[in-house]
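Let me begin by presenting the structure, written as structure tokens, before commenting on it.
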Amino acid sequence: MAVYAMRRILLVVPTLFALSVLLFVVIRVLPPDDAIELQLDERARGDAQVKASLMQYFGLHQPLWRQYTDWAGGLLRGDLGISLNSRRPIRDELASRIPVSFELSLIGLFVTWVVSFPLGVLSAVYQDRLPDYLLCTSAYLLDAIPSFVIATLVITYLAVYFTWAPPVKFTYLWDDPIGYLKIMLLPILIIGIGAAGNLVRFTRTFLLEVLRQDYVRSARAKGLSERTVLRRHALRNLALPFVTVIGATIPTLLTSSVIIERLFNLPGMGRYLVTAVSQLDYPVIQSTTMLFAVLILTSQLITDLSYTWLDPRVSYK
Amino acid sequence: MRRPFIDRWRYPILVEYAQRYAQFVSGNTTTFTPKQEEILQVKKDVPGAQLFRTDIGRSLWLGWFGMKDIESVPWRDERVRQAISMLFDRAAFSEEFTNSAELVKGGLPAVETRWQSHVSPGHATYWLDPRKNELGDASKFWKYNPAEANKLLEATGYKDGFTLPAFSNGGNNYGATYDRKVEITLDMWQKGTKIKVNQQRPMYTEWFANYYNSPTRDFSDVAFWTNNLVRPDIDQDLFSTWHSKSGATFKGFKDARVDDLIEQQRKELDPQKRISIIHDLQRYLAPKMYAIPWEPLSSSYYFRWPWLRNSGFPGYDEWLSADMPRRNG
């Protein structure tokens, strides 16, 4: 296990390296002049001297390979660079934003789990009956409608029918828990329930497969009640595929949070990234995307490693 | 008079339209400017809100021409420029973006629309209205008339049309409506004639440095669209846009008569005589069509809650009355 874990962790390194090169090259397709120009006041635009001094300040005058090594070296030291727009260290700007995105995604993941697991089980137990049809249809709908559409509809209808909108001013959990709940409840529910559709269908399919296994038939033949068969024999074996799918859901949740944060005006990493894209703020786009990549790779690593813990039969040779 | 200290200053920045709408409907924000096509729906959704109509803005939207190879490009001939202007259906364009007919049907006063001459209609004292034929015979170049435009093209030897590369800002900072306006305009140019438009959308920096703010306009075969922000006195606008010595903001062709009229109005102390000179300038520029006056300017609507007092009176402080819901929230 330890060898596998080590190998798996080491595999992350070349993946991150390849990703960083790809990210850097793709973003640099846009000329740096454009990025600098966009940061300037209307009066300073077109001023070659101002532009040249800013290019020098941000190191954009150097050859590409040098810019890459400076950026990648900085990342390794925990220095994410300086924002072209605000001229502040990106690390400082992200410090207050990371918790917002983390909470949104993690609590959203919890909601996904809480909603999808029981509903998936219910759908399988009532296979080909009305509850199953209703749940499957709802799951397909949730899967088909993007979360930003659901969010827009929810925001609009709550305002029109209940004259209510989430507070504009963001408050942190430790400052004002009730205020925090008022702001975060809707986005968390939307992000969590939005991702649940897929998982309901997966849970249903996996459980139906498990229920057709020989050992389940044996358990029923022993005279155990359907509830006991389900709880003791079927659901336990559902854990592994469920964890696999929920692990794969994390990237979806993280990417959905980018749009949801913007729609709900949440000061998280996603909104920061979207704003940076519209301002062509190279360093912020690079570093924030890289951070998203690290988070996604870490979540997948944890998912992989949790297999042996959940199922002792699994061994890695 | 002693005034109380300000307790707080809240200025929410809401980038998403749905969020702006929801916050206004819920009474968390004071003002909301809806999309023109949604005004009636918002009026229905928020019956308690007051509806205001804006004044006509003081901007000047133009399509202007590159100066490179000016001796050989089709639009060296003013008849070609006149034809291009006549291919632009200003009435249809205006209706598309103001939704005026629907608003009137919905019981609102009509949107006020003014067509630009080569002067912004926001300068009401000086502006001449092409729709009222105030530009004389040249007012006809403002009217949509593809048949006449084709005749002009034929007379200039461009019966089979020509390729007209048209540049606009390809960055997203002008907003989606700007892109749509450009697309519709270019489509109008191609409809009913053999002119082929080659649309190009450089990134904002290239657009700004090489085309929008280019002192020499050293580009060939191109026309551009954007607005000039209008300054307090018309002199600054006239000089910056039409005087050949204005530099980067010059949008005309070098013309001693134009320069002379601008300088004359600058020196004129009698207001009536000054108005008359600026009228002459517009009448002179009308057939020359050195740049194409683009979209008609219109008033628009916005909503405000009645508990925002003193609203709409420029120069007076607005204040929130006690009946504002969630006043302390």
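The values are calculated or read from the model by the stated rules, or taken from the named source; none is laboratory data. Predicted, not measured: the structure shown is a model, and the values here were computed from it. For neighbour counting, all protein chains shown are included, and Cβ atoms are generated from backbone atoms with ideal geometry for every residue, glycine included. The area values use the complete protein model at the heavy-atom level, side chains included, leaving out ligands, DNA and RNA. Shrake-Rupley method; radii C 1.70, N 1.55, O 1.52, S 1.80 Å.
Observations on the structure shown:
- Residue in the range A:43-59 that is under 30 Å from A:LEU297 (Cα atoms) and assigned to a loop (DSSP other than H, G, I, E, B) present: yes
- Residue match in the range A:136-149 (condition: open to solvent by 30 Å² or more (accessible area, probe 1.4 Å), under 21 Å from the mean Cα position of the chain (by Cα) and either within 9 Å of chain B (Cβ to nearest Cβ) or among the acidic types (Asp, Glu) (or both)): yes
- Cross-chain or 6+ apart pairs with Cβ under 8 Å, the range A:236-248 first and open to solvent by 30 Å² or more (accessible area, probe 1.4 Å), then at pLDDT 80 or above and not in a helix (DSSP H, G or I): A:ASN237/A:GLN213
- A:ASP41 without any contact (Cβ under 8 Å) to a residue 24 or more places away in the chain, surrounded by 14 or more Cβ atoms within 10 Å (Cβ to Cβ), within 14 Å of chain B (Cβ to nearest Cβ) and acidic (Asp, Glu): no
- Looking only at residues of the range A:176-209 that are of a type in the set (Val, Ile, Thr) and within 14 Å of chain B (Cβ to nearest Cβ), we find that the one that is farthest from A:TYR140 (Cα to Cα) is A:ILE178.
- Restricting attention to the range B:249-264, the residues that are part of a loop (DSSP other than H, G, I, E, B), open to solvent by 30 Å² or more (accessible area, probe 1.4 Å) and among the small types (Gly, Ala, Ser) total 0.
Rundown of residues vs (1) of a type in the set (A, V, I, L, M); (2) open to solvent by 20 Å² or more (accessible area, probe 1.4 Å); (3) in contact (Cβ under 8 Å) with a residue 40 or more places away in the chain, yes/no style:
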residue: B:LYS105; (1), (2), (3): no, yes, no
residue: B:SER117; (1), (2), (3): no, no, yes
residue: B:SER120; (1), (2), (3): no, no, yes
residue: B:ASN133; (1), (2), (3): no, yes, no
residue: B:TRP142; (1), (2), (3): no, no, yes
residue: B:LEU153; (1), (2), (3): yes, no, yes
residue: B:GLY157; (1), (2), (3): no, yes, no
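- Here A:TRP309 passes the criteria (1) buried (at least 17 other Cβ atoms within 10 Å of the Cβ); (2) under 27 Å from A:LEU208 (Cβ atoms); (3) among the aromatic types (Phe, Trp, Tyr) except the one numbered (1).
- Every residue from the range B:1-60 that is facing chain A (nearest Cβ under 9 Å), small (Gly, Ala, Ser) and assigned to a loop (DSSP other than H, G, I, E, B): B:SER26, B:GLY27
- Out of A:LEU173, A:LEU240, A:LEU224, sole residue that is over 24 Å from A:LEU141 (Cα atoms), in the same structural domain as A:LEU104 (by TED's automatic domain parsing), assigned to a loop (DSSP other than H, G, I, E, B) and in contact with an Asp or Glu (Cβ under 8 Å, 6 or more places away or on another chain): A:LEU173
- Here B:GLN82 meets each of (1) assigned to a helix (DSSP H, G or I); (2) open to solvent by less than 30 Å² (accessible area, probe 1.4 Å); (3) touching a Ser or Thr at 6+ places or on another chain (Cβ under 6 Å) with one exception, condition (3).
- Top-ranked residue in the range A:249-290 [being surrounded by fewer than 20 Cβ atoms within 10 Å (Cβ to Cβ) and of a type outside the set (Val, Ile, Thr); ranked as nearest to the other protein chains (Cβ to nearest Cβ)]: A:SER278
- Candidates A:TYR161, A:TYR133 - the one that is away from every other protein chain (no Cβ under 14 Å) and of a type in the set (Phe, Trp, Tyr): A:TYR133
- Checking each residue of the range B:190-207 against the condition of being open to solvent by less than 10 Å² (accessible area, probe 1.4 Å), at pLDDT below 85 and among the hydrophobic types (A, V, I, L, M, F, W, C) gives at least one match.
- Among the candidates A:THR275, A:THR252, A:THR298, A:THR288, the residue that is modelled with pLDDT under 85, β-branched (Val, Ile, Thr) and either assigned to a helix (DSSP H, G or I) or over 12 Å from the mean Cα position of the chain (by Cα) (or both) is uniquely A:THR252.
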